[in-house]
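The values are calculated or read from the model by the stated rules, or taken from the named source; none is laboratory data. The shown structure was predicted, so the numbers you read here are calculated from the model rather than taken from an experiment. Here the Cβ positions follow ideal geometry from the backbone for every residue, glycine too, while neighbour counts run over all protein chains shown. For accessibility, only protein heavy atoms count, side chains too; no ligands or nucleic acids. Shrake-Rupley method; radii C 1.70, N 1.55, O 1.52, S 1.80 Å.
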Amino acid sequence: QVQLVESGGALVQPGGSLRLSCAASGRTLNNYFMAWYRQAPGKQRELVASLTIGGVRNYADSVKGRFAISQGDTFNTVYLQMNSLRPEDTAVYYCNSVSAGVQYWGQGTQVTVSS
């Protein structure tokens with residue numbers, strides 16, 4: 001089992017920045033993929049950014065150039081730096097990992113972009 005805990009969600013004005021954090025614990029030895037998803041009210045959950053243990057990054061078109069995914073000292077901590085935030089970025093953001101072929105989710109953190 002892998003446990004994921006997100007933090008950093010908040011209310012921010014349009015154009016502002018936030019950094020989300022995700023800490024993985026438990027059986028993380030085979031963890032090779034970390035990602036951030038988001039789900040807005042009435043919409044499907046969508047992939048925002050992903051990072052492999054080999055350093056390959058992918059981003060949704062809607063966040064390219066504004067968001068950046070990175071890891072901490074180890075691959076068990078992943079960040080999502082979000083700049084130039086827009087109202088349409090409002091959603092619950094979920095951390096996701098894949099370890100030994102099993103997918104895990106965090107409980108989510110709310111990001112609200114509003115003036």
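Share of carbon and sulfur in the accessible area of the chain stands at 48%, probe radius 1.4 Å.
Checking the a/c ratio against 1.5 first, then a/b against b/c, what shape does the Cα gyration tensor give for the stretch 49-106? Since a/c reaches 1.5 and a/b is larger than b/c, the shape of the stretch 49-106 is classed as prolate.
Sorting 92-103, 66-77 by their mean Cβ neighbour count within 10 Å, with the most densely packed peptide first, gives 92-103, 66-77. Taking Cα centre as origin and charging only the Cβ of basic (Lys, Arg, +1) and acidic (Asp, Glu, -1) residues, the dipole magnitude of the chain rounds to 80 debye.
Here the Debye sum runs over all C-alpha atoms of the stretch 1-100 as equal scatterers in vacuum, and log10 of I(q)/I(0) at q = 0.11, 0.14, 0.24 Å⁻¹ comes out as -0.30, -0.49, -1.35.
If R0 is taken as 30 Å, the Cβ-Cβ distance between residue 29 and residue 60 corresponds to a FRET efficiency of 0.55.
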